[in-house]
Amino acid sequence: MKIRLISGTCYIAILAAFFCMKIFLPYGDFYFDALIYAFAILGTFEMLRATKEKTTATQRSVVYVFSALCIPACALGEYFKGWGFAAIGICVLVLTAVLLSLLVICHEETSLEGLGVSLLSAVYPTLLLALMVIANHAPAPAALAEFGFDSRILILFVFVVSPCADSIAYVFGRFLKKYFPKKMTPVISPNKTVIGGIGGLVGGMLGAAALYFIYNAAAGSFAEMYIWLPVYLLIGLVASVATAFGDLVESCIKRKLGLKDMGNIMPGHGGALDRLDSALFSTIAVYLAYAVVCLLV
């Protein structure tokens, strides 16, 4: 328990340090991009190590190259031209073409299963983390600028709401499961209960509410609270659902591979993917919510 607390504290400290660099240093967004890049490399290594028996060395090399190039291409494309999604699309098209070409070039040693696993190892986590890069560079449209609804709040949503949802879900599951023992997904993740899932929703909304008040207090403005507080709560709710789903996806992958943890870089927690699983899907939910808000305002 002690080592879990220490490694968790170190993880939070690293996130906080890079977020502060994002806010206070020139070209600060690129510092947080560097952290996302490190997550992508570590996560890709864990995925390819876990699936080593199903892929060839050539396929793994291709996925490593994709992981090494996709995040920088996305960051630079988004920063200079707003072409982050185009950069991602080009990287994915090239990756797919190369992996398909290996069916011909290395026909004897390349299987369709290996092709599928290689694509999965590229999507999870690098492609999903590329969306976090897009969020990290998200501008605030003129109508939202006075409310500070930009990349800073998006990153905070991902890395504040998800831990809050996970923590309250754990508390609800730990202390209430004897009264409400119904399992959420008994096959995929036997320890998760419905009451824990409800706790996750509560935790996500509490985290969003705390984020609203702290963030706006720091900005010195609570303009139109009757609109923005419900918006924050709704994003917190959606992000907490995505958090729970991301955790289940990771559990399913590990169960399919016969693993307890994807790695051991964080003692007591597992690997990078064991910490990022919920954040990956939370990023999708938060960015989609941001896009909807931009369209409506």
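The values are calculated or read from the model by the stated rules, or taken from the named source; none is laboratory data. Here the structure is a predicted model, which is why all the values come from computation and not from measurement. Neighbour counts run over all protein chains shown; Cβ positions are idealised from the backbone, glycine included.
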Filter result for the condition that a residue is farther than 15 Å from GLY246 by Cα and touching a Phe, Trp or Tyr at 6+ places or on another chain (Cβ under 9 Å), over ALA142, ALA122, ALA97: ALA122
Set TYR179, TYR215: member being free of Cβ contacts under 8 Å to residues at least 40 places away in the same chain and among the hydroxyl-bearing types (Ser, Thr, Tyr): TYR179
Residue pairs meeting the criteria (Cβ under 9 Å; at least 6 apart or on separate chains; first on the phi > 0 side of the Ramachandran plot, in the stretch 36-56; second in a loop (DSSP other than H, G, I, E, B) and buried (at least 21 other Cβ atoms within 10 Å of the Cβ)): none
Residues of the stretch 143-177 classified as more than 24 Å from CYS20 (Cα to Cα), more than 20 Å from the chain's Cα centre (by Cα) and in a helix (DSSP H, G or I), total: 7
Residue tally, condition touching a Gly at 6+ places or on another chain (Cβ under 9 Å) and farther than 25 Å from PHE30 by Cα, over the stretch 54-98: 4
Filter result (surrounded by fewer than 22 Cβ atoms within 10 Å (Cβ to Cβ), closer than 12 Å to VAL158 by Cβ and hydroxyl-bearing (Ser, Thr, Tyr)) within the stretch 240-289: TYR287
Any hit, the stretch 217-227, residues being modelled with pLDDT of 90 or more, outside the structural domain of ILE41 (by TED's automatic domain parsing), of a type in the set (A, V, I, L, M) and part of a helix (DSSP H, G or I): no
